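Here's the structure, in structure tokens; my notes come after.
The values are calculated or read from the model by the stated rules, or taken from the named source; none is laboratory data. Nothing here was measured: the structure is a model prediction, and the numbers come from that model. Quick reminder, even Gly has a Cβ in these numbers, built from the backbone with ideal geometry, and neighbours come from all protein chains shown.
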Amino acid sequence: MSNTPTTRVIEFDIVAKAQAGAMRSLRFAAVDAAAATRLAEREGLRVLSCVPRRSSFAWGARGGATVVRTRLDIALFAHELASLLDAGLGIIDAIETLAEKERLSETRRVFEKIVQSLKEGRNFSGVMSERPDVFPQLLVASISASEQTGDMAAALRRYSANFETLRTIRSKALGAAVYPLMLLGVGSLVVLFLLAVVVPKFSTLIESTRGEIPFASQVLIQLGKTIHAHPQLVAALFIGAFLSLVWAIRHAARAGWNLPVLQRLPIVGPLIRIFRHAQFYRTSGMLIEGGIPAVRAFDMCGSLLTPEDSRKLARAVASIREGAAIGPALQVVGLADPVALRMLMVAQRTGKLAEILARIAAFQEATLSRAIDVATRLFEPVLMLCIGLVIGAIVVLMYLPIFDLASSIQ
């Protein structure tokens with residue numbers, strides 16, 4: 001019998017630079033980081049960083065390695081750095097200033113390493129690209145383009161404003177879901193209390209009458225007795241359901257709420273798609289305004305869309321490279337509605353593509369905001385009605401045998 005150990009394959013997230021200078025994020029499966037780097041280099045890429053992919057089921061990374069993630073508010077970092085650059089500080093002095101005011105030791109070390117690399121003569125975007133766990137690819141691309149145009153402060157302000165806008169929309173969507181979840185949790189606890197405590201005590205009174213008990217009331221009484229007899233099992237199931245919900249929310253948040261199961265839901269799916277489209281238009285407009293060509297900006301922002309829309313975007317980009325207009329190319333694959341199509345046709349004539357993309361994003365964000373308000377106003381009353389019907393049904397089924405007994409006495 002062979003005792004040869006099996007080699008474990010690990011997925012690595014790689015940030016690399018193509019021969020044309022474009023930044024790319026890829027994922028390779030290999031036995032170690034060196035093997036993943038070699039796979040990327042075979043495709044003609046210059047690897048800037050290679051880190052193990054974080055597992056969806058663990059707090060650390062695969063392979064037993066723990067990944068320390070730096071808690072850095074990217075929007076605040078971009079805003080503060082832009083303010084320091086506007087005040088006349090150089091990039092090295094500005095980052096040293098941010099390092100001095102930083103309280104978190106891990107973030108301070110990141111800033112200090114950046115300063116050290118900049119003093120060695122390296123460019124800012126190249127240094128940032130080595131920490132994809134801290135600095136998003138889109139920020140790195142914006143900085144890379146600004147290094148050629150000389151307006152780094154403006155690029156940082158655009159990224160900060162874009163990030164804050166998207167975070168505001170995301171917070172509104174999550175805030176709209178908090179109250180229904182709280183209502184559902186409280187309603188579940190009330191129902192569980194009725195079944196585990198009230199129904200068993202009522203069953204003693206009902207069964208002592210020795211009258212005929214309706215079938216539905218018998219089922220309710222038996223369910224209450226079962227829950228009352230196994231409190232540990234019921235508590236374990238309730239805690240397990242709660243932890244499963246927390247894990248599902250955490251998993252969805254890590255995936256950017258870009259999960260197929262969410263996109264197939266009747267109300268949630270269309271809202272997620274509208275948000276993704278708004279995020280795509282606003283971010284691509286920001287990159288184009290920073291000096292990045294439109295086709296490259298669309299390629300970089302493809303990951304912001306759902307997987308299906310990302311494949312559609314690839315077909316649209318191929319058509320644009322062949323000479324097709326941007327508006328019709330996006331409209332054919334379903335990424336531009338009639339309003340976006342008309343506005344993109346105007347951008348084709350005026351050349352103000354970045355501004356038009358930002359306006360399309362604002363239009364879709366307003367649509368999303370109204371849809372969230374309408375969905376919230378409809379869903380909350382329906383949820384309250386369902387919880388009220390369940391609690392009312394339990395109360396009626398408990399009192400139904402007593403009503404029958406009173407009728408027989410009369």
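Remarks
- When every residue of the stretch 221-228 is checked against the conditions, none turns out to be touching a residue at least 60 places away in the same chain (Cβ under 8 Å), of a type in the set (Val, Ile, Thr), under 25 Å from Pro401 (Cα atoms) and surrounded by 11 or more Cβ atoms within 10 Å (Cβ to Cβ).
- Any hit, the stretch 331-341, residues being surrounded by 16 or more Cβ atoms within 10 Å (Cβ to Cβ), more than 26 Å from the chain's Cα centre (by Cα) and under 24 Å from Gly290 (Cα atoms): yes
- Arg273 in a helix (DSSP H, G or I), under 16 Å from Ala155 (Cβ atoms) and of a type in the set (D, E, K, R): no
- Count of the stretch 273-299 residues which are of a type in the set (A, V, I, L, M) and buried (at least 20 other Cβ atoms within 10 Å of the Cβ): 6
- Exclusive hit being at pLDDT 80 or above and over 30 Å from Val47 (Cα atoms), set Glu164, Glu207, Glu212: Glu164
- Residue in the stretch 146-154 that is closer than 23 Å to Ile360 by Cα and either assigned to a helix (DSSP H, G or I) or over 19 Å from the mean Cα position of the chain (by Cα) (or both) present: yes
- Qualifying residue in the stretch 178-197 (condition: under 27 Å from Ala361 (Cα atoms), in a helix (DSSP H, G or I) and either aliphatic (A, V, I, L, M) or touching a helix residue (DSSP H, G or I) at 6+ places or on another chain (Cβ under 9 Å) (or both)): yes
- When the stretch 364-391 is filtered for residues that are closer than 16 Å to Lys172 by Cα and either touching a residue at least 24 places away in the same chain (Cβ under 8 Å) or surrounded by 12 or more Cβ atoms within 10 Å (Cβ to Cβ) (or both), the ones remaining, listed by number, are Gln364, Glu365, Thr367, Leu368, Ser369, Ala371, Ile372, Asp373, Ala375, Thr376, Phe379, Glu380.
- Qualifying residue in the stretch 192-205 (condition: in contact (Cβ under 8 Å) with a residue 24 or more places away in the chain, among the small types (Gly, Ala, Ser) and surrounded by 14 or more Cβ atoms within 10 Å (Cβ to Cβ)): yes
- Residue within the stretch 113-123 that is surrounded by 13 or more Cβ atoms within 10 Å (Cβ to Cβ) and closer than 30 Å to Tyr281 by Cβ present: yes
- Residue among Ile239, Ile249, Ile320, Ile288 that alone is within 30 Å of Val178 (Cβ to Cβ), at pLDDT 85 or above and not in a loop (DSSP other than H, G, I, E, B): Ile239
- Being of a type outside the set (Val, Ile, Thr), crowded, with 16+ Cβ neighbours inside 10 Å and within 22 Å of the chain's Cα centre (by Cα) holds for only one residue in Leu166, Leu174, Leu181, and it is Leu166.
- Met398 in contact with a Phe, Trp or Tyr (Cβ under 9 Å, 6 or more places away or on another chain), of a type in the set (A, V, I, L, M) and modelled with pLDDT under 85: yes
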